[in-house]
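In what follows, a single structure is set out as structure tokens and then discussed.
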Amino acid sequence: MTETLLDVMHQYDVRKLVFSSSAAVYGIPDVIPVMESAPLRPINPYGETKAAIEKMLYQQNWFQFVALRYFNACGAAADASLTENHDPETHLIPRLLQEPVWELYGTDYPTPDGTCIRDYVHVEDLAQAHLLALEHLLSQADDEPYGVSLNLGLGKGFSVREIMESVKRATGRTPVIKELPRRQGDPAILVADCRLAKDVLGWTPRYTDIDAILQTAIAARSF
């Protein structure tokens with residue numbers, strides 16, 4: 001599909017692209033926080049696909065792109081009518097808000113509380129990064145190939161248990177937690193080094209508090 005898209009872009013002389021990539025391209029990184037220069041060693045099909053597309057983009061010599069490597073997208077837009085509804089829901093925070101029993105996959109990771117740590121970035125901050133990426137591409141001379149990959153996250157991580165505690169504080173709920181084995185393909189820790197996005201795009205996330213992020217998700221669910 002990506003090859004077809006690039007062929008059509010070339011045919012119609014469309015030379016600029018903002019690509020939604022993922023932190024999954026890193027797999028299990030050697031150094032945390034992870035920088036864009038880290039080796040791409042994906043450990044699941046999703047990450048493999050994103051890494052393959054990025055490689056394909058860098059091989060082009062006729063166009064310009066920015067690849068945005070999302071860490072864990074979360075929260076909801078101020079306009080709650082824009083909120084996605086997934087069925088089945090796979091994302092942690094929406095599942096915690098809707099499920100009567102919380103499933104906890106893996107409690108023996110090499111982290112302070114034994115659960116996975118992730119870097120959560122609000123969807124409105126992701127949207128802002130896309131606008132800045134487009135402006136950045138439009139500022140490039142059309143006749144020069146250009147490509148850059150940028151991490152988008154907060155630069156700090158929260159464990160699954162910490163997210164659960166945040167949901168408890170926000171909702172007053174204390175659901176039963178069902179502890180289950182690790183899921184294959186889940187790194188213990190994924191936290192972004194986002195300095196390059198700030199340097200290249202001037203991007204800084206507005207939502208930096210996990211409780212505030214969670215409140216936007218709760219507001220959207222009550223819409």
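The values are calculated or read from the model by the stated rules, or taken from the named source; none is laboratory data. Remember, it's a predicted structure, so these values are computed and weren't measured experimentally. Positions of Cβ are backbone-derived with ideal geometry, glycine not excepted, and every protein chain shown enters the neighbour counts. With ligands, DNA and RNA removed, areas are computed over all heavy atoms of the protein, side chains included. Shrake-Rupley method; radii C 1.70, N 1.55, O 1.52, S 1.80 Å.
Glu144 contributes about 110 Å² of solvent-accessible surface, heavy atoms of the protein only, 1.4 Å probe.
What nm distance separates the two modelled labels at Tyr12 and Val200, each placed 7 Å from Cα along Cα→Cβ? So the two model labels end up 2.5 nm from each other.
Looking at segment 67-205 only, what percent of DSSP beta bridges run antiparallel? Nearest 5 please. Kindly include the intermediate steps, with their values, before the conclusion.
Working: 2 of 16 bridges.
Roughly 10 percent of the DSSP beta bridges within segment 67-205 come out antiparallel.
In this structure, the amide hydrogen of Lys16, modeled 1.01 Å from its nitrogen in the peptide plane, lies closer than 5 angstrom to those of Gln64, counting only residues at least 5 positions away or on a different chain. Cα-based radius of gyration for segment 101-223, normalised by 2.2 N^0.38 Å, reads 1.31.
Heavy-atom accessible area per residue, segment 102-223, 1.4 Å probe: how many Å²? Numbers along the way, then the final one.
Numbers: 6190 Å² over 122 residues.
Ligands and nucleic acids excluded, the figure is 51 Å² per residue.
Return the carbon/sulfur percentage of the accessible area of segment 74-223, one whole number, probe 1.4 Å, all protein chains in place.
Details: 4150 of 7970 Å².
Carbon and sulfur: 52 percent of the exposed surface of segment 74-223.
Per-residue surface analysis assigns Glu135 an accessible area of about 120 Å², computed on protein heavy atoms at 1.4 Å probe radius.
Since only Gln184, Ser159, Cys194 are under comparison, the one whose Cα sits farthest along the positive direction of the charge dipole of segment 151-208, derived from C-beta charges on Lys, Arg, Asp and Glu, is Ser159.
Output the peptides 40-53, 108-121 sorted from most to least packed, where packing is the average of other Cβ atoms within 10 Å over each peptide's residues. Write down the numbers at each step before the final one.
Values: 40-53: 16.6, 108-121: 18.7.
Ranked from most to least packed, the peptides come out as 108-121, 40-53.
On the principal axes of its alpha carbon atoms, the chain extends 58, 37, 32 Å, with the longest extent given first.
Translational diffusion coefficient of segment 10-79 (Stokes-Einstein, Kirkwood radius from Cα pairs, 25 °C, 0.890 mPa s): 180 µm²/s. The lysine pair count for the chain, using Cα distances under 22 Å and pairs eight or more places apart or on different chains, is 6.
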